[in-house]
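What follows is a short report on a single structure.
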Amino acid sequence: MAADRTATSDASGATAAGRPRPTLAVWKFASCDGCQLSLLDCEDELLTLADNVEIAYFVEASSASVQGPYDVSIVEGSITTLHDAERIAEIRRQSRTLITIGACATAGGIQALRNFADVDEFTRAVYASPDYISTLRTSTPISAHVPVDFELRGCPINKLQLLEVIGAQLNRRRPRVRAHSVCIECKRRGTVCVMVAHGTPCLGPVTHAGCGAICPAYNRGCYGCYGPMETPNTRSLDAWSGLEDPDLVRVYRSFNAAAEPFRQASDAHAQARGHET
């Protein structure tokens with residue numbers, strides 16, 4: 001992360017250079033907390049971050065809370081209730097910059113599978129008293145409700161990418177997060193293409209980079225954890241995959257099922273097999 005390591009802070013919340021520390025808030029919506037834990041996993045880098053920002057709100061790490069407005073808000077999780085839709089609108093009003101992290105916040109997450117089915121049927125099957133459950137029929141990304149300044153994809157996110165994005169925001173510059181596909185990461189680490197060498201179905205050609213191509217390195221196809229890359233050609237990949245329509249519906253409807261390119265691809269194959277989307 002690009003940060004001024006020579007500037008230390010005192011108890012008043014100002015740096016040694018006399019500048020007030022920018023405030024950072026971390027918020028959770030419908031999610032598993034994995035992306036927030038990625039921030040806590042930064043360890044030594046987190047200490048440097050704490051020297052340069054005031055962590056004003058971060059329930060996962062501390063019970064301390066500072067009232068907004070906030071310079072930077074980081075949001076994990078999707079919107080699945082009316083209350084959350086109202087809460088994210090208030091967070092947006094309180095935040096100069098809003099960054100969403102992870103598949104839930106950027107694409108609705110695995111819980112967006114509800115978007116393709118009957119939510120009432122799910123609640124009846126799972127809960128003894130479904131009348132007590134208040135939920136929306138869809139799980140949607142934060143950007144469907146409020147303007148978002150930057151989306152960082154992944155399930156979970158790459159902690160080094162998160163530090164880069166935070167550092168970029170604090171220094172008022174564009175984040176250096178690559179937009180290419182997982183295939184480029186395979187090339188960089190010298191991993192043999194599992195589709196070409198073994199005929200293993202792989203979403204790498206249409207998936208955003210960031211994981212370091214972990215699955216192909218172990219002779220497994222990419223599962224699309226980081227969501228669609230920019231301008232993915234899903235139709236071309238489908239022709240090469242060797243999979244039938246039912247399997248293609250399944251591979252696209254996972255962590256990033258509601259991401260538009262993956263949703264369109266899965267809908268097309270669902271229609272081809274004669275099922276409703």
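The values are calculated or read from the model by the stated rules, or taken from the named source; none is laboratory data. Treat the numbers as computed from the prediction; the structure is a model and nothing was measured. Cβ placement follows ideal geometry from the backbone for every residue including glycine, while neighbour counts extend to all protein chains displayed.
Observations, loosely collected:
- So Ile142, is it farther than 22 Å from Arg263 by Cα, of a type in the set (A, V, I, L, M, F, W, C) and touching a strand residue (DSSP E or B) at 6+ places or on another chain (Cβ under 9 Å): no
- Of the residues making up region 61-80, those that are modelled with pLDDT of 95 or more and either surrounded by 15 or more Cβ atoms within 10 Å (Cβ to Cβ) or within 24 Å of Tyr252 (Cα to Cα) (or both) are Tyr70, Asp71, Val72, Ser73, Ile74, Val75, Glu76, Gly77, Ser78, Ile79, Thr80.
Rundown of residues vs (1) modelled with pLDDT under 95; (2) in a helix (DSSP H, G or I); (3) not small (Gly, Ala, Ser), yes/no style:
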| site | (1), (2), (3) |
| --- | --- |
| Thr191 | no, no, yes |
| Pro216 | no, yes, yes |
| Gly224 | no, no, no |
| Ala239 | yes, yes, no |
| Leu243 | yes, no, yes |
| Pro261 | no, yes, yes |
| His275 | yes, no, yes |
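- Residues of region 38-49 that are touching a residue at least 12 places away in the same chain (Cβ under 8 Å) and part of a helix (DSSP H, G or I): Ser38, Leu39, Leu40, Glu45, Thr48, Leu49.
- Against the test of being under 26 Å from Lys28 (Cβ atoms), under 21 Å from the mean Cα position of the chain (by Cα) and surrounded by fewer than 16 Cβ atoms within 10 Å (Cβ to Cβ), the options Leu160, Leu170 yield a single qualifying residue, Leu160.
- Which numbered condition Ile133 fails, given (1) more than 30 Å from His180 (Cα to Cα); (2) β-branched (Val, Ile, Thr); (3) touching a strand residue (DSSP E or B) at 6+ places or on another chain (Cβ under 7 Å): (3)
- Single condition Ala257 does not satisfy, out of (1) in contact with a Lys or Arg (Cβ under 9 Å, 6 or more places away or on another chain); (2) among the aliphatic types (A, V, I, L, M); (3) under 19 Å from Ile110 (Cα atoms); (4) not in a loop (DSSP other than H, G, I, E, B): (4)
- Looking at region 68-178, the helices (runs of 4 or more DSSP H) lying wholly inside it that each contain 3 or more residues that are out of contact with any helix residue (DSSP H, G or I) (no Cβ under 9 Å at 6 or more places or on another chain) and within 30 Å of Cys215 (Cα to Cα) sit at 159-170.
- Subset of region 218-242 that is within 11 Å of Val182 (Cα to Cα) and more than 16 Å from the chain's Cα centre (by Cα) - its residue that is surrounded by the most Cβ atoms within 10 Å (Cβ to Cβ): Cys222
- Filter result for Ser12 (exposed (fewer than 12 other Cβ atoms within 10 Å of the Cβ), assigned to a loop (DSSP other than H, G, I, E, B) and modelled with pLDDT of 85 or more): no
- Candidates in region 15-42 are the residues that are basic (Lys, Arg) and surrounded by 13 or more Cβ atoms within 10 Å (Cβ to Cβ); of these, the one that is modelled with the lowest pLDDT is Arg21.
- Looking only at region 178-195, and only at residues there that are in contact with a Cys (Cβ under 9 Å, 6 or more places away or on another chain) and hydrophobic (A, V, I, L, M, F, W, C), the one that is nearest to Asn219 (Cα to Cα): Val194
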